[in-house]
Amino acid sequence: MNAPRKRSMMVPPPGSYESFEMVDAGPPLTPEQVVEYYRARGIPHPNRPLVPAADEVAALPRSARETFLARCAARVAPLAPAAGEVDAQHAAALILAAATVQTPVRRLLRCIRRDFDKLVYLAKQRKWCDDTSVPPDALGPLWPGDVKLPWAKG
């Protein structure tokens, strides 16, 4: 039979502690400074709208814009009354109309924002220009696997 082990708290060896100095963080940032801080570091603002604004979409390279618009049109194809150009705002309005209690609208609109943010990231990382083609698998599946949309089966 083994004897029970005696457990004691581990103590770091002497000299392993580093001294920390408390400093003042300074005055709080203004909202404009916060936006500039995020922009300078490439951090998406946490309170950005779920549907990208027209000026945000216009900042993308041409091929990325076309991919984003085609993706929005594919999302709402079963809902759209006529085949034609569907921009992100119109796609969001159609998704809003089709949202149900089982699938909250915020979750559906986050799919549009996810695609846009991914295109912005890829365009910066891979240095896309207007002539660069977007790979077909760049955005992944149209809807996340756990989102069940009976109207989107079309």
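Worth pointing out:
- Panel order for Cys72, Cys111, Cys129, by other beta carbons found within 10 Å of each beta carbon, from fewest to most: Cys129, Cys111, Cys72.
- Potential lengthening of the chain between Arg39 and Arg106 amounts to 21.7 nm, from the contour at 0.36 nm per residue minus the alpha-carbon distance.
- On the basis of the beta-carbon distance and an R0 of 25 Å, Leu96 and Glu32 show a calculated FRET efficiency of 0.20.
- Sorted by Cβ density within 10 Å, fewest first, the residues Lys127, Lys118: Lys127, Lys118
Values in this text are rule-based calculations from the coordinates and carry no lab data. Predicted model only: the values in this text are computed from it and were never measured. Methodologically, a virtual Cβ is constructed for each residue, glycine included, from the backbone with ideal geometry; neighbour enumeration extends over all protein chains shown.
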